[in-house]
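This report refers to the structure that appears directly beneath it.
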Amino acid sequence: MTDGIDGLAAGTSGIIGLGLGIFAFVSGNYIFADYLNIMYIPESGEMVIFIGAFIGACIGFLWYNSHPAQVFMGDTGSLALGGIIAVVALAIRKELILPMLCGVFLVENLSVMLQVSYFKYTKKKYGEGRRIFKMSPIHHHYQKLGMHESKIVTRFWIVGIILAVLSIVTLKLR
């Protein structure tokens, strides 16, 4: 859903990758895992190398995909990003934290589901469909309101960073 605006999918995925990298490191370190009272997963710290390459690929892609984009990711790339995030989260047993960590992606998908459901409901009830947002996913709604693409991307990245920090803070709350 976030691949319709320059740099949003890759930047947000890089932020999520950084959070998952921290989770993988502490899960693979016996001392940190014992201190934080989380499951120790032997050799999961080795995934930090793969996650580092993932973050590096996202940053490299951002170099060419910042506004105005020269290269487009498309569905193939965005599905690969989602698959990598999901597999790493499953491998380090942190899949339940994904809704918070991937909150930007969740809100983007929920905005589409709300828009379509509300449109179908109002079309059935009133004979004409009505919309909640000017356009969905929600980043296009902000574009229609007149916000510049770079401002939208930067604000979504800030929200992603806040969600990643909150996800990491949950390690100590257990």
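Over what distance in Å are the Cα centres of segment 36-70 and segment 122-174 separated?
Result: 23 Å between the Cα centres.
Return the carbon/sulfur percentage of the accessible area of the chain, one whole number, probe 1.4 Å, all protein chains in place.
Numbers: 6840 of 10150 Å².
In the chain, the share of accessible area belonging to carbon and sulfur is 67 percent.
Towards the positive end of the charge dipole of the chain, with charges on Cβ (+1 Lys, Arg; -1 Asp, Glu), say which of Gly129, Ser117, Met73 has the farthest Cα.
Of the candidates, Gly129 comes out farthest on the positive side.
With +1 assigned to the C-beta of every Lys and Arg and -1 to the C-beta of every Asp and Glu, and no other charges, what is the dipole magnitude of the chain about the Cα centre in debye, to the nearest 20?
So the magnitude is around 980 debye.
In segment 1-95, if every C-alpha pair distance is counted and binned at 5 Å from zero, what percent goes to each bin?
With 5 Å bins starting at 0, P(r) equals 3, 15, 24, 20, 14, 10, 7, 5, 2, 0.
Among all the lysines, which ones have a C-alpha under 28 Å from Lys125's C-alpha, if same-chain residues fewer than 8 places away are not counted?
Hits, sequence-local ones excluded: Lys134, Lys144.
List the lysines whose Cα sits under 21 Å from the Cα of Lys172, skipping any in the same chain fewer than 8 residues away.
Within the straight-line cut-off, Lys172 pairs with Lys94.
For helix 103-126, report the angle its Cα long axis makes with the longest principal axis of the Cα atoms of the chain; keep it between 0 and 90° and round to the nearest 10°.
The answer is roughly 30 degrees.
Which value in deg cm²/dmol, rounded to the nearest 500, describes the helix-derived mean residue ellipticity at 222 nm for the chain, given -39,500 (n - 2.57) per DSSP H run of n ≥ 4 and division by the residue count? List each step's numbers first, then the result.
Numbers: 8 runs with 125 residues, N = 174.
Helix-only estimate at 222 nm: -23500 deg cm²/dmol.
What number comes out for accessible area per residue over the chain if the probe is 1.4 Å? Units Å², please. Numbers along the way, then the final one.
Details: 10150 Å² over 174 residues.
I get 58 Å² per residue for the chain.
The values are calculated or read from the model by the stated rules, or taken from the named source; none is laboratory data. Treat the numbers as computed from the prediction; the structure is a model and nothing was measured. Quick reminder, even Gly has a Cβ in these numbers, built from the backbone with ideal geometry, and neighbours come from all protein chains shown. Ligands, DNA and RNA are excluded from the accessible area calculation, which covers all protein heavy atoms including side chains. Shrake-Rupley method; radii C 1.70, N 1.55, O 1.52, S 1.80 Å.
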